[in-house]
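The values are calculated or read from the model by the stated rules, or taken from the named source; none is laboratory data. Note that the structure is predicted; figures quoted are calculated from it, not measured. Note that we place each Cβ from the backbone using ideal geometry, even for glycine, and neighbour counts take in every protein chain shown. Keep in mind that these areas ignore ligands, DNA and RNA; they rest on the heavy atoms of the full protein, side chains included. Shrake-Rupley method; radii C 1.70, N 1.55, O 1.52, S 1.80 Å.
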Amino acid sequence: MTANAAGRYATALFELAKTSGAADAVEADLSAFRAMLEESPELAEVLASPLHPADAKDGVLAELAKKAKFNALTRNTFGVAAHNGRAGELGTVAKIYAALAAADRGVVTADVTTAAALTKKQTEALAASLKGAFGREIEVRTDVRPELLGGLIVKVGSRMFDSSLRTKLDGMKNAMKEA
C-alpha cells in the first residue's frame with residue numbers, strides 16, 4: 001500500500017502529522033478533500049492532467065486549502081505534491097492516509113462496493129457483522145457502482161468477499177460455456 005509515490009506521501013504526511021499532534025486535523029482535511037474530488041470530477045481531471053502546469057495546480061490547491069481552512073501540513077503537502085508532478089495522486093494519498101490513521105487507532109477499514117447506496121442502518125448492521133467476524137472495530141467506507149446489479153463486494157485488508165450479482169452472472173456464463 002505504501003510502495004508507490006502516493007503511499008510514500010501519505011506515510012510521510014502521517015508521520016509528520018502524528019509527531020506534531022495534527023493527525024486528526026489532517027485526516028479531516030483529507031477527508032474533506034476526497035469529498036471535493038468526488039463532487040467535482042473536473043477538479044480531479046485538472047489535477048491529473050499533464051496539460052496544466054504544476055504552478056497552476058499548486059495555485060488551485062493553495063486556494064482550495066485556504067478557503068477550506070486546511071491545516072498547514074495539509075497545505076504544504078499539496079504544494080509539494082503539485083511541484084513534484086503528483087497533484088493527480090492526492091486523492092490516493094488521502095485514501096491511504098485514512099487507512100494509516102485507522103490502523104493506528106486499531107480500527108480495520110472495510111471497503112464496501114454496492115450497486116445502490118446503503119442506508120445508515122444497513123451500514124451500521126454491516127459494520128457490526130464485520131466486527132463479529134474480525135473481532136476488531138470496523139470502519140466502513142462505501143462506494144456505489146451500479147454495474148454490480150445487486151449484492152456487494154467487501155474488502156477488508158487482503159481479504160475480499162464478492163457476493164455481487166454481476167460476479168455470479170459471470171460465473172454462470174462461464175459455466176455454461178464449458179458445458
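Protection proxy ranking, highest mean first, for peptides 143-151, 93-101: 93-101, 143-151, where packing is the per-residue count of other beta-carbon atoms within 10 Å, averaged. Quick check: at a probe of 1.4 Å, how many percent of the accessible area of the chain sits on carbon and sulfur atoms? The computed percentage sits at 56. Relative to its Kirkwood radius, the Cα radius of gyration of the stretch 81-126 gives an Rg/Rh of 1.13. Expressed per residue, the C-alpha convex hull volume of the chain stands at 152 Å³.
Each stretch of four or more DSSP H residues adds -39500 (n - 2.57); spread over every residue of the chain, this sum gives -20000 deg cm²/dmol at 222 nm. The simple Förster model, with R0 at 41 Å and r as the Cβ-Cβ distance, assigns GLU139 and SER49 a FRET efficiency of 0.80.
Among the trypsin sites (Lys or Arg not before Pro) found in the stretch 134-177, those both in a DSSP coil and sparsely packed, with 15 or fewer other Cβ atoms within 10 Å of their Cβ, are ARG136. Dividing the mean sequence gap of close Cα pairs (under 8 Å, 6+ apart) by how many residues the chain holds gives a relative contact order of 20 percent. Fully extending the segment from ALA117 to GLU39, taken as 0.36 nm per residue of separation minus the present Cα-Cα distance, adds 26.5 nm.
Treating r as the C-beta distance of VAL107 and LYS173 and R0 as 41 Å, the FRET efficiency rounds to 0.60. Solvent-accessible area per residue in the stretch 1-152 equals 55 Å², computed with a 1.4 angstrom probe and all protein chains kept.
The alpha carbons of the stretch 22-124 occupy a box of 44, 32, 22 Å along the principal axes, longest dimension given first. A simple packing score, the average count of other Cβ atoms within 10 Å per residue, orders the peptides 119-129, 20-30 as 20-30, 119-129, with the highest score first. For the chain, the membrane-span-like helices by this rule, meaning whole DSSP H stretches whose C-alpha atoms cover at least 15 Å of axis and whose Kyte-Doolittle mean is 0.5 or above, are 90-104; this says nothing about an actual membrane.
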